[in-house]
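Report on the structure given below.
The values are calculated or read from the model by the stated rules, or taken from the named source; none is laboratory data. What you see is a predicted model, and the numbers here were worked out from it, not measured in a lab. With ideal geometry, Cβ positions are generated from the backbone for all residues, glycine too; neighbour counts draw on all protein chains shown. The accessibility values were calculated without ligands, DNA or RNA, using every heavy atom of the protein model including side chains. Shrake-Rupley method; radii C 1.70, N 1.55, O 1.52, S 1.80 Å.
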Amino acid sequence: SLSRELVLASHGIASFGSLEKVVRREVTHIKQNADDLLLALSPQDESRIGVVRCATQWAQNSSAIFLSIKFAHRWSSPGALKVQDEKIEVSPCCFNFSASGDHSQLRKRYALDFHFFGEVDPERWSWQLASAGRMTAEIRKRESHNWPRLLESKSKPGNLQVWDSMQDRWKSELKEFDKQRKAKDADSNEGLEAAEEEQHSSGRRKCVDSRASPFSSAGHIARLCESYWPPRMDTQKQGKSATWLVLFHSPQDMKCYDRGDECQKVRDRWEAVGRKVEQVSEALVGAVDCDRHADLCKRG
């Protein structure tokens, strides 16, 4: 073309530098006008504009999550260099982002909707545009915790990845947090177990059997009564969540006052059950003296 021949003929002349600037400016302007013209050909109706689910990388420390969002459907794919009409909402459960932009002379709607694994603080978050075609967000967790994953659902989107460089920054902080939490949980569990054991020990002392009861001093058999009935107790061990094998017996009917053979046989067999159960399971074995605690035996 005539323009091309003019440019070629201008090489070597003193004013070539000025001409080059003008040509480059005009070519850029022409390209922009051409892109705008092609963009005008794309659908203008919102219902016909394609939606791109943004590719995302994430990381965390004990108190916050970090998101790096690319305006493309895959991290390795090209996308919009910039977006407009950004709308970002953070609620205790969720993160919602939408914006409009264009790529390859087509209008696109960019969106991202996350339902988090745990609650976040909707009053403490921030976002900013990063390098071309990306944005980052930092969102505070409601409670300090090392989340096993970002989302409530165990099904992970294909374009969600770990933000490795950011995660490496917080690796030691998370390790120390987990260590301290485990130590705290262990101390708490030990204290709770000690308190519950004292509760059960105190309860057993309330169950006073009749003088002839064959289990008044049996080590493997817990004495139970109305005042101490573990199946009603909300404790981690020995309570209503445990399996209990309970013998309701009458020392009088078994002739325990006369030290009869039946009384001794029942005692020996139930103590044997108590020893065996202790070896093979976590079930518990107890006995109720129905001569002393008749009302409980009637209901049992």
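Values for this structure:
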| read-out | value |
| --- | --- |
| Cα gyration tensor, segment 237-280 - rounded (a/c under 1.5), prolate or oblate | oblate |
| Beta bridge orientation in the chain: antiparallel %, DSSP, nearest 5 | 70 |
| Positive-pole candidate from His249, Ser3, Leu19, dipole of the chain, charges at beta carbon | Ser3 |
| The chain - charge dipole about Cα centre, Lys and Arg +1 at Cβ, Asp and Glu -1, debye rounded to 20 | 560 |
| Efficiency of FRET from Cβ geometry, Trp244 and Gln264, R₀ 25 Å, rounded to 0.05 | 0.55 |
| Degrees separating the helix 171-205 axis from the principal Cα axis of the chain, which is the longest one | 20 |
| Of all accessible heavy-atom area on the chain, the percent that carbon and sulfur account for (1.4 Å) | 49 |
| Solvent-accessible area per residue for segment 203-262 (1.4 angstrom probe, square angstrom) | 60 |
| Residue pairs, from the table Lys70/Lys156; Lys141/Lys182; Lys21/Lys108, whose Cα atoms sit over 22 Å apart | Lys21/Lys108 |
| Theoretical gain in end-to-end length, Leu2 to Glu278 [0.36 nm per residue, Cα-Cα removed] | 89.2 nm |
| Identified option (computed Rg and Dmax of the Cα atoms in Å; candidates [x] 38.0, 133; [y] 25.9, 96; [z] 27.0, 92) | [x] |
| For the chain, calculated [θ]222 nm from helices alone, where every DSSP H run of n ≥ 4 adds -39500 (n - 2.57) | -11500 deg cm²/dmol |
| Label-point separation in nm, Ser131 to Lys156, each point 7 Å along Cα→Cβ | 2.3 |
| Separation in nanometres of the label points that stand 7 Å from Cα toward Cβ, at Ser76 and Glu143 | 4.0 |
| Coarse-grained scattering of segment 135-184 at q = 0.20, 0.21, 0.26 Å⁻¹, given as base-10 log I(q)/I(0) from a Debye sum over alpha-carbon atoms | -0.95, -1.03, -1.29 |
| Arg109/Ala9 FRET efficiency (R0 45 Å; Cβ-Cβ; nearest 0.05) | 0.40 |
| Angle in degrees between helix 16-41 and the longest Cα principal axis of the chain, rounded to the nearest 10 | 50 |
| Relative contact order of the chain, defined on C-alpha pairs under 8 angstrom at six or more residues apart (%) | 13 |
| Rough spin-label spacing in nm, given labels placed 7 Å along Cα→Cβ, for Ala183 and Gln167 | 2.6 |
| Loop trypsin sites (Lys or Arg not before Pro), segment 148-185, which have at most 10 other Cβ atoms in a 10 Å radius of their Cβ (DSSP) | Lys154 |
| Given charges at Cβ of Lys, Arg, Asp, Glu: segment 75-182 dipole, positive-most of Ser98, Gly133, Ile88 | Gly133 |
